[in-house]
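Asker: The following block contains the structure, expressed as structure tokens.
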Amino acid sequence: ANAYLHVEAAIAAIAASGLSHSVHALGTTIEGPPDAVWVAVRAAFDAALASGATKELMMLKIYQGSATVAQLESSGKACAAAAAATA
């Protein structure tokens, strides 16, 4: 059995949205207009269930603003480095 079947179904639904996305070990980042992101998130949730999942948990972190994901990640790394330097 494919242990990742339901995750793969969700990722396929996100990819089908046409939105910019990246898959990471602990999650997936989706970028785009808010309404389109909501549609993609719901499609991913439904796809996991349609693939045979009997339960589903989705945790969301939502950001709307002018910074890109790359800028947010860079800022986070800078904050962590500054904190580590003062520790």
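Asker: Only loop residues by DSSP count here, and only those with at most 16 other Cβ atoms within 10 Å; note down the chymotrypsin sites (Phe, Trp or Tyr not before Pro) in the range 28-86 that meet that.
Answerer: Hits after loop and neighbour filter: Y63.
Asker: Looking only at L26, L49, L72, which one moves most when the chain is put into a Gaussian network model with springs between Cα atoms under 10 Å?
Answerer: Checking each option, the largest mean-square fluctuation is seen for L26.
Asker: Nearest 10 degrees is fine. How inclined is helix 34-50 to the longest principal axis of the chain, computing both from alpha carbons?
Answerer: Computed tilt is about 50 degrees.
Asker: To the nearest 10 degrees, how steeply does helix 5-16 sit against the main Cα axis of the chain, on a 0 to 90 scale?
Answerer: Between helix and principal axis, roughly 70 degrees.
Asker: Using just the helices of the chain, give the 222 nm mean residue ellipticity in deg cm²/dmol: DSSP H runs with n ≥ 4 each add -39,500 (n - 2.57), and the total is spread over all residues, rounded to 500.
Answerer: Per the formula, -18000 deg cm²/dmol.
Asker: Quick one: helix 69-86 against the long Cα principal axis of the chain, what's the angle to the nearest 10°, folded into 0 to 90?
Answerer: Tilt relative to the chain: about 50 degrees.
Asker: Still on this model: Which GluC sites (Glu not before Pro) does the chain hold that lie in a coil by DSSP with at most 16 other beta carbons within 10 Å?
Answerer: Listed in order of number, the matching sites are E56.
Asker: Would you mind working out the accessible area per residue for the chain, using a 1.4 Å probe, and quoting it in Å²?
Answerer: 75 Å²
Asker: Which loop trypsin sites (Lys or Arg not before Pro) in the chain, with loop taken from DSSP, have no more than 11 other Cβ atoms within 10 angstrom of their Cβ?
Answerer: Listed in order of number, the matching sites are K55, K61.
Asker: Which three numbers, in whole Å and largest first, are the semi-axes of the equivalent ellipsoid of the chain derived from its Cα gyration tensor as √(5λ)?
Answerer: The equivalent ellipsoid of the chain has semi-axes of 29, 17, 10 Å.
Asker: Another question, then. Any idea what the dipole of the chain comes to, in debye rounded to 20, about its Cα centre with Lys/Arg Cβ at +1 and Asp/Glu Cβ at -1?
Answerer: 180 debye
The values are calculated or read from the model by the stated rules, or taken from the named source; none is laboratory data. Since the structure is predicted, the reported quantities are computational estimates derived from the model, not experimental observations. Note that we place each Cβ from the backbone using ideal geometry, even for glycine, and neighbour counts take in every protein chain shown. Ligands, DNA and RNA are excluded from the accessible area calculation, which covers all protein heavy atoms including side chains. Shrake-Rupley method; radii C 1.70, N 1.55, O 1.52, S 1.80 Å.
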